[in-house]
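Quick notes on the structure that follows.
Derivation of every value follows stated rules applied to the coordinates shown; laboratory data play no part. Fair warning: this is a prediction, and the values are worked out from it, not measured in the lab. Virtual Cβ from ideal backbone geometry, glycine too; neighbours counted across all protein chains shown.
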Amino acid sequence: MESREDGRGWEAVGRLEIAGKAFCTGALIAPDLVLTAAHCLYDARSGARVPVDQIQFLAGWRNGRAAAYRRVRRALSLDSYDFAAPASPDRVRSDLAVIELQLPIRNSSIAPFGLGPFPEAGDELGVVSYAHDRSEAPALQDYCGVLDRQEGMLVLDCSVDFGSSGSPVFSFEGGEPRIVSVISAKAEAGGAPVSLATGLSGPLAELRGALDADIVRNPLGAGSRRDTGAKFIRP
């Protein structure tokens, strides 16, 4: 999606600039709320939480310009998310965050995405993402599938790379893109590359409840669930 015309309708997907030295992908689900992966809120080397004044959302970023620029008021992750925990299915299940912008984006060309139901195995989905080798424009992979559905997570054959963390996963039922999941990690299963994505329903309700209650969430440890057989690589 190199041109503005190619990216029309996808402007609510943007690049999250993290402390001027890293980036993730995020998407608007309300004029002032961005959905992304929780691990994007942490410094990969130190493990420390990145201050919100060092995070910026660049909606529709393409070739050096954004459709809108916003600073961040708050960034919340789940109680169950632990950045320092080893890579595991439980870590993927809790790897979700919402970012509240200082000012809502009210622009007729930047429409927040609606949410869709959790996909089934075999469903065809799409991913819009930035990555280290295409950091200046988003790419749409509009046909990839659900290889396995587990409680709170998906195993996908969607192609992702470094920078794709937090990318929205879309269903296209009825011709309308709706966010159904968020990319957490890339991995390998049976020697083949796969991507792992976080479910939304329970975690997102918890995060929205925390926002409404004005509670700042701090990450805690998580329990254990069955193994996916995937070797984890954080994008």
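Taking Cα pairs under 8 Å and at least six residues apart, what relative contact order does region 1-157 come out at, in percent?
Working: 314 pairs, mean separation 38.6, N = 157.
25 percent.
What is the gain in length, in nm to one decimal, between Glu124 and Glu173 on full extension, counting 0.36 nm per residue of separation less the C-alpha to C-alpha distance? Write out the running numbers ahead of the final one.
Working: separation 49, 0.36 × 49 = 17.64 nm, distance 0.97 nm.
Extra length from Glu124 to Glu173 when fully extended: 16.7 nm.
For Ala189 and Asp43, what does the FRET efficiency come to when R0 = 35 Å and r is the distance between their Cβ atoms, rounded to the nearest 0.05?
Working: r = 29 Å, r/R0 = 0.82.
With a Förster radius of 35 Å, E is 0.75.
Looking at region 89-164, which trypsin sites (Lys or Arg not before Pro) are in a loop (DSSP not H, G, I, E or B) and have at most 13 other Cβ atoms within 10 Å?
Within region 89-164, the qualifying trypsin sites (Lys or Arg not before Pro) (loop, at most 13 other Cβ atoms within 10 Å) are Arg106.
What is the order of Leu196, Leu28, Leu103, Leu207, fewest Cβ neighbours within 10 Å to most? Show your work: numbers first, answer last.
Numbers: Leu196 31, Leu28 28, Leu103 12, Leu207 21.
Fewest-to-most Cβ neighbours within 10 Å comes out as Leu103, Leu207, Leu28, Leu196.
In what sequence do Ser88, Ser165 fall when counting other Cβ within 10 Å, fewest first? Write out the running numbers ahead of the final one.
Working: Ser88 15, Ser165 29.
So the residues, fewest neighbours to most, are Ser88, Ser165.
Going by how many other beta carbons lie within 10 Å of each one, how would you line up Tyr81, Tyr69, fewest first? Don't skip to the answer; put the middle values down first.
On the way: Tyr81 27, Tyr69 15.
Starting with the residue having the fewest Cβ neighbours, the order is Tyr69, Tyr81.
Note down the net charge around Tyr69, summing +1 for each Lys or Arg and -1 for each Asp or Glu among other residues with Cβ under 15 Å from its Cβ. Walk me through the numbers before you get to the answer.
Working: positive: Arg15, Arg62, Arg65, Arg70, Arg71, Arg73, Arg106; negative: Glu11, Glu17, Asp32, Asp53.
Spelling it out: positives minus negatives among the neighbours equals +3.
Using amide H atoms built in the peptide plane, which far-off residues or other-chain residues are under 5 Å from Val169 H to H?
Those qualifying (amide H under 5 Å, at least 5 residues apart or on another chain) are Val180, Ser181, Val182, Ile183.
What percent do you get for the relative contact order of region 114-199 when only Cα pairs under 8 Å and 6+ apart count?
On the way: 204 pairs, mean separation 25.6, N = 86.
The normalised contact order for region 114-199 reaches 30 percent.
For region 105-204, which GluC sites (Glu not before Pro) are both in a DSSP coil and crowded by at most 15 other Cβ atoms within 10 Å? Display every interim value, and only then the final one.
Numbers: sites: Glu120, Glu124, Glu136, Glu151, Glu173, Glu188; in loops: Glu120, Glu151.
Taking region 105-204 and a limit of 15 other Cβ atoms within 10 Å, the loop GluC sites (Glu not before Pro) found are Glu120, Glu151.
Return the distance in nm (one decimal) between the two label points of a simple spin-label model at Asp142 and Ala19, each offset 7 Å from Cα along Cα→Cβ.
3.8 nm
For Asp212 and Tyr69 in one chain, what is 0.36 nm times their gap in residues minus the Cα-Cα distance, to one decimal in nm?
Numbers: separation 143, 0.36 × 143 = 51.48 nm, distance 2.40 nm.
Extending this stretch completely gives an extra 49.1 nm.
As an exercise, identify the GluC sites (Glu not before Pro) in region 1-95 lying in DSSP coil whose Cβ has no more than 12 other Cβ atoms within 10 Å. Write down the numbers at each step before the final one.
Values: sites: Glu2, Glu5, Glu11, Glu17; in loops: Glu2, Glu5, Glu11.
Passing sites in region 1-95 are Glu5.
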